[in-house]
Amino acid sequence: MKLIPEKDQAVIEKAIYLPMVIIVLNQDLKIINNSSIKLKTPYTEWIEKTIITVQKELSDVKRYMKHNQIKVEKVKTDESFTQYVFIYKGYEDIHNYFNPRLRNRTEELLKYYLYQRFNGNNN
C-alpha cells in the first residue's frame, strides 16, 4: 500500500479515538447522574459540553474522510490487540493497536478535551 500522508494518518487516528472518548464521557455522565452527588448540574453540564465539542470534531473528521475516500473499520478485538482496516483511496491496510495504548491515548484525549475549558477555549 502506498504511504498515507501524515495529515490523513492524524485524521484516521481521530476516527479511532474520538468515538472512544465519547463513550467514556457518556458512561461517566450516567455514573454522575446515578450518584448521590448533591449538585450534579455543574458536572453534567461540563461533560455534556465536552461531548458536544468532541462530537463536532468527529463530525468534521467523518466529513473529511468521506471527501478524501478514507474509511476505518474495526475488524476484531482480543485481550491484547484491536485490529483495524484502513481503506485509503481504494487501498487496504491492516493495523493492530495494543489495547493499553488505545486506553492510554483515549485518556490523554479525554484530559485534553476536559482541560481545554480551563485554557480559555469555551466552545
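Here are some notes:
- Restricting the calculation to Cα atoms, segment 1-41 yields a radius of gyration followed by a Dmax of 17.2, 55 Å.
- Nearest 10 degrees, 0 to 90: helix 41-67 Cα axis against the chain principal axis: 20
- The figure for residue 20 is an accessible area of roughly 40 square angstrom, using a 1.4 Å probe on the protein chains alone.
- C-alpha long axis of helix 99-115 to longest principal axis of the chain, angle in °: 50
- Percentage relative contact order, segment 35-123, counting C-alpha pairs under 8 Å, at least six apart: 21
- Computed with a 1.4 Å probe on the full set of protein chains, the accessible area for residue 76 sits at about 120 Å².
- The Kirkwood radius of segment 28-71, taken over pairs of alpha-carbon atoms, gives through the Stokes-Einstein law at 4 °C and 1.567 mPa s a diffusion coefficient of 106 µm² s⁻¹.
- Carbon/sulfur fraction of accessible area - segment 1-99, other protein chains in place, 1.4 Å, %: 54
- Simple spin-label estimate for residue 31 and residue 73 in nanometres, 7 Å along Cα-Cβ: 3.3
- Take the Cα of residue 59, step 7 Å toward its Cβ, do the same at residue 9, and the gap between the two points is 3.0 nm.
- Accessible heavy-atom area order of 37, 47, 94, highest first, probe of 1.4 Å: 94, 37, 47
- Near residue 20: Cβ cut-off under 10 Å, other residues only, Lys/Arg at +1 and Asp/Glu at -1. The net charge is +1.
- Solvent-accessible area per residue, Å², over the chain with all protein chains present [probe radius 1.4 Å]: 69
- Equivalent ellipsoid of the chain: semi-axes from √(5λ) of the C-alpha gyration tensor, largest first, are 30, 17, 11 Å.
- With Cα atoms, 0 to 90° folded angle of helix 6-33 axis to the chain main axis: 30
The values are calculated or read from the model by the stated rules, or taken from the named source; none is laboratory data. Quantities reported herein were computed from a predicted structural model and do not represent experimental measurements. Positions of Cβ are backbone-derived with ideal geometry, glycine not excepted, and every protein chain shown enters the neighbour counts. Quick note on the areas: whole protein, heavy atoms, side chains included, nothing else; ligands and nucleic acids left out. Shrake-Rupley method; radii C 1.70, N 1.55, O 1.52, S 1.80 Å.
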